[in-house]
Amino acid sequence: MGWDFSKFEYASAIVGVLICSCVPVFGQSAPRPAKDMIIITSSPPGGGYDAYSRLLGRYLQKHLPGNPNINVNNMPGGAGIRAANYLYNISPKDGTTIALLDRAVATAPLLYGEESKAQFDATKFSWIGSVMRETGMVAVSTRETAKTIADATRIDVIVGSTGPEQDTSMYPRLLNELIGTRFKIVYGYHGQPEIFHAIERNELEGLFMSGWSGNGRAYVRDRMSRKEMRLLLQISANPDPMHPDVPTILDVVTKPADRIVVELLLSRLSLGRPFMAPPGIPAQRLAELREGFRAALQDADLLAEAANMRLAIDPIWGAEAQTMIEDVYRADPAVIARVRNVIRLSQ
């Protein structure tokens, strides 16, 4: 009896289909499973950095491949240096950990040199972008007798800060040195909400707000409407349209050599609320993070929620943020030396 090869051919075809359905075609790969992500914020809960971190975390998830779960971890300490050192040296280099760091941290090694506790090269972070181009304000209680910045050259004004390397400390030292103000800085507060509470208790008289975009702005404007706080100065080259009568720092710093110092410091302030990943993450992953960041900040639902929370959104995208920090670090060494002398921590 002869063999019926047609049956073998049919059976072989079935087996081939089953095998092909289980084995990926050469050159293709299965979709990469999404890993959970962490956003580290260098501030304690309740402040502007915390609010922006949690807002972005809620929307970035749906704009990244695989829709990963995203948790926010607060890592205060060292005025933001602790979180920056962790991100740079310890965190995974696969793009699953990113951070919103205090804008002053990125330039701490440049401005404070050996005095800084920074253990990173800010130009090597993988910059994702910033949610806000930032300006600053000097706000004081109306109990304080200084009604103008000129008054602060004759009257002691006690302001609070989280640490000596923060902008909230650096700008008072800067003005004391350049125009002779008499700001007295009290260090050691855990965050902006605690500083506001200290002002309410009459423990402090005011604060330097290096960010005029978060819930701190909403707090001050509420207090201003009750005649409980006033603005003395804008830390910006251009005045906020809502406060055209409040002078800017360049209105009061008039010497050309001093203005160069201020202009350099203002250029880094524009970085606002910067998000970054560790150095050395895969290029494809950085591109995904930047694209997801852009999509999240253009998401109508995020913008509506930000408006409801009174959080301003004026983003800087990743490549521009990377260029901005690199430009700051390329500043004239003579100008950097002058800046270090003016804002030195030992003052």
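Computed from the coordinates by the stated procedures, all read-outs in this text should not be read as laboratory data. Please read these numbers as outputs of a predicted model, since none were measured by experiment. Cβ atoms come from the backbone with ideal geometry, glycine included; neighbour counts cover every protein chain shown.
As a test, work out the antiparallel percent of DSSP beta bridges whose residues both lie in the chain, rounded to the nearest 5. Provide the component values of the computation, followed by the final result.
Details: 18 of 34 bridges.
If we restrict to bridges inside the chain, about 55 percent are antiparallel.
As a footprinting exposure proxy, order ILE281, ILE179 by other Cβ within 10 Å, with the fewest listed first. Intermediate values should be presented prior to the final figure.
On the way: ILE281 21, ILE179 17.
Ascending Cβ contact count within 10 Å gives the list ILE179, ILE281.
Considering only the other residues whose Cβ falls under 13 Å of the Cβ of ILE155, what net charge follows from Lys and Arg at +1 and Asp and Glu at -1? Numbers along the way, then the final one.
On the way: positive: ARG143, LYS147, ARG154, ARG182, LYS184; negative: GLU144, ASP151, ASP156, GLU205.
So the surrounding residues net to +1.
Once you mark the trypsin sites (Lys or Arg not before Pro) that are in a DSSP loop and have at most 11 other Cβ atoms within 10 Å, what is the longest gap between them in the chain? Display every interim value, and only then the final one.
Numbers: sites that count: ARG143, ARG154, ARG201, ARG226, LYS227, ARG330.
The reported range is 1-142.
Within straight cross-link reach of LYS147, meaning Cα distance under 14 Å, which aspartates and glutamates are found once same-chain residues fewer than 8 apart are removed?
ASP156, GLU205, GLU228, ASP245
How many angstrom lie between the C-alpha centres of the range 147-208 and the range 63-140?
24 Å
Report the longest stretch of the chain that contains none of the chymotrypsin sites (Phe, Trp or Tyr not before Pro) sitting in a DSSP loop with at most 11 other Cβ atoms within 10 Å.
Numbers: sites that count: TRP3, PHE26.
That gives 27-347 as the longest site-free run.
Once you've got the Cα coordinates, tell me which of LYS124/LYS255; LYS35/LYS93; LYS184/LYS227; LYS35/LYS117 are over 25 Å apart.
Details: LYS124/LYS255 34 Å; LYS35/LYS93 13 Å; LYS184/LYS227 23 Å; LYS35/LYS117 32 Å.
Over 25 Å apart, Cα to Cα: LYS124/LYS255; LYS35/LYS117.
Report the residues of the range 316-332 in range of a label on GLU263: point 7 Å along Cα→C-beta, backbone N strictly under 15 Å from it.
Inside the label zone: 328, 331-332.
Which option, [x] 1.00; [y] 1.36; [z] 1.26, is the value of Cα Rg over 2.2 N^0.38 Å that was calculated from these coordinates?
Matching the structure shown: [z].
Go ahead and set up a Gaussian network model of the chain, Cα springs under 10 Å, then flag whichever of ALA277, ALA84, ALA218 fluctuates most.
Greatest mean-square fluctuation among the candidates belongs to ALA218.
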